[in-house]
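Working notes, beginning with the structure itself.
The values are calculated or read from the model by the stated rules, or taken from the named source; none is laboratory data. Quick caveat: nothing in here was measured; it's all calculated off a predicted structure. Cβ sites come from the backbone with ideal geometry, for glycine too, and all protein chains shown count toward neighbours. Each accessible area value is taken on the protein alone, full model and side chains, heavy atoms only, with ligands, DNA and RNA left out. Shrake-Rupley method; radii C 1.70, N 1.55, O 1.52, S 1.80 Å.
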Amino acid sequence: LGYEATLFDSQNDPAKEAQHFDNLIAAGYSAVLFNCTDAGGSVANVRRAKAAGIPVFCMDREITANDAAVSQILSDNYSGCVALGQYFVEQVGEKGTYIELLGLIADTNTWNRSKGFHSVVDRYPDLKMVAQQSADFDRSKALEVLESLLQAHPNVNAVFCGNDAMAMGAYQALLAAGKASKVKVFGFDGADDVVRSIAEGKITATVMQFPKTMARSAAENADRYLKGERNFPQRTPVAVELVTRD
């Protein structure tokens, strides 16, 4: 589209994000394409940019306000995890035990995925969640968390992970414990390494989301806004797809 883009990486740190907004407001950028660190906490940064005349366009991660960002382009996390939950029950059965690894507690994606999954799986009283713990969407943290949880729950049948990085960490923990062939791992994202692992029969399933579509839509919205358009839907869901070995 002919714009120059600068990348600011907050590394999931709200304090870094606030500094980035200080810098971009001072520098007078035309617009911000935004992947927030905290659904509630990031709203203040978006409002500061808006007050300075800099429009913000959210992509992938949602903020909780409806009047701060111009638009929010988001994966349909909930329905993706409804489909995953249905496949989970097919694969694990209606009876068994599982562990859930949650993503970042302050990210709405974490809870939308968890709620979609539980809306299906909780209908089966003999399918019991024996532990639920956050691993911050991080591969190495998931490895550590699951290693520790497996000591308390050595005979689980499955692990549901809120993203694919955690699914890979969980798989590594199961491999190290000699349980990789006995415990089914489920992720979310559609990361290349997980899709390959599904093809190889190592990980059971994931949900493919489309970050390029979200980012492109956010950039196109910013372009249209800068050219004078003002009528944007607050939230636009982007469809996701279940990925299985089949």
Once both axes come from the Cα atoms, what is the angle between helix 164-176 and the longest principal axis of the chain, in degrees from 0 to 90, rounded to 10? 30
Calculated SAXS-style log₁₀ I(q)/I(0) at q = 0.16 Å⁻¹ - region 187-230, Debye, Cα scatterers: -0.54
Could you sort 47, 230 by their accessible area in this structure, using a 1.4 Å probe and putting the largest first? 230, 47
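If I take every Cα pair under 8 Å that is 6 or more residues apart in region 9-86, average their sequence separation and divide by the length, what percent do I get for the relative contact order?
Numbers: 97 pairs, mean separation 19.8, N = 78.
So the answer I get is 25 percent.
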In the set (1) 58, 42, 38; (2) 57, 31, 31; (3) 57, 40, 29, which value of Cα extents along the principal axes in Å was calculated from the structure you see? (2)
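Given a 1.4 Å probe, how much area per residue of the chain is accessible, in Å²?
On the way: 11860 Å² over 246 residues.
Roughly 48 Å² per residue, with all protein chains present.
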Counting DSSP beta bridges with both ends in the chain, the antiparallel % (nearest 5): 15
Tell me, how many Å apart are the Cα centres for region 24-88 and for region 139-191? 29
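For region 84-152, state which trypsin sites (Lys or Arg not before Pro) are in a DSSP loop and have at most 13 other beta carbons lying within 10 Å of their beta carbon.
Hits after loop and neighbour filter: 95, 123.
Of the heavy-atom accessible surface of the chain (probe 1.4 angstrom), what whole percent is carbon and sulfur?
Working: 5790 of 11860 Å².
Summing carbon and sulfur atoms, their accessible area is 49 percent of the total for the chain.
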Accessible area, probe 1.4 Å, largest first, for residues 50, 184: 50, 184
Of the listed pairs 95/141; 141/179; 115/179; 50/227, which have alpha-carbon separations greater than 24 Å here? 95/141; 115/179
Run the 1.4 Å probe and let me know the accessible area of residue 78, rounded to the nearest 10 Å². 100
Suppose a student asked you for the relative contact order of region 101-246, using Cα pairs under 8 Å spaced at least 6 residues apart; what percent would you report? 19
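For region 133-246, what mean projected area does the convex hull of the alpha carbons give, in nm²?
Values: hull surface 34.1 nm².
The orientation-averaged projected area of the Cα hull of region 133-246 comes to 8.5 nm².
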Quick one: how many Å² of residue 9 are accessible to a 1.4 Å probe, rounded to 10? 90
